[in-house]
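The numbers here are math on the coordinates, done by the rules we state, and not lab data. Since the structure is predicted, the reported quantities are computational estimates derived from the model, not experimental observations. As a convention, Cβ positions derive from the backbone with ideal geometry for all residues, glycine included, and neighbour counts pool all protein chains shown.
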Amino acid sequence: MVCDRSVLDGYVYFYKKFGRDPILERFVKDKSTTYSALLRVPINQRRLTEDGVRATDEDFQRSIDKGFSYLLRELDIPFVDFKDIDQALKLIIP
């Protein structure tokens, strides 16, 4: 199964609003071990279109991206930085 979100995604938004929570971090770290691979995709340089659902503020996007990178390191969660679609497909279809 391929998902476009991980357990860390939701926690990053929590962390940015409320700060770190050791109980949730333990859950996120434990749950992340169930993934075969976690692919970290950078911010899309093309602006999102206002759709009333997603945040389109670039500062907010960068803040969340920084939080994601920070928590990956802090929680020692293994990940692969996205380079291109061929690399991603090799992870998905070995």
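The table below lists the values:
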| read-out | value |
| --- | --- |
| Checking S36 against (1) more than 14 Å from the chain's Cα centre (by Cα); (2) assigned to a helix (DSSP H, G or I), the condition it does not meet | (2) |
| Index of the failed condition, V12 passing every other in (1) surrounded by 15 or more Cβ atoms within 10 Å (Cβ to Cβ); (2) assigned to a loop (DSSP other than H, G, I, E, B); (3) hydrophobic (A, V, I, L, M, F, W, C) | (2) |
| Filter result for the condition that a residue is in contact with a strand residue (DSSP E or B) (Cβ under 8 Å, 6 or more places away or on another chain), assigned to a loop (DSSP other than H, G, I, E, B), surrounded by 10 or more Cβ atoms within 10 Å (Cβ to Cβ) and not small (G, A, S), over P42, P78 | P42 |
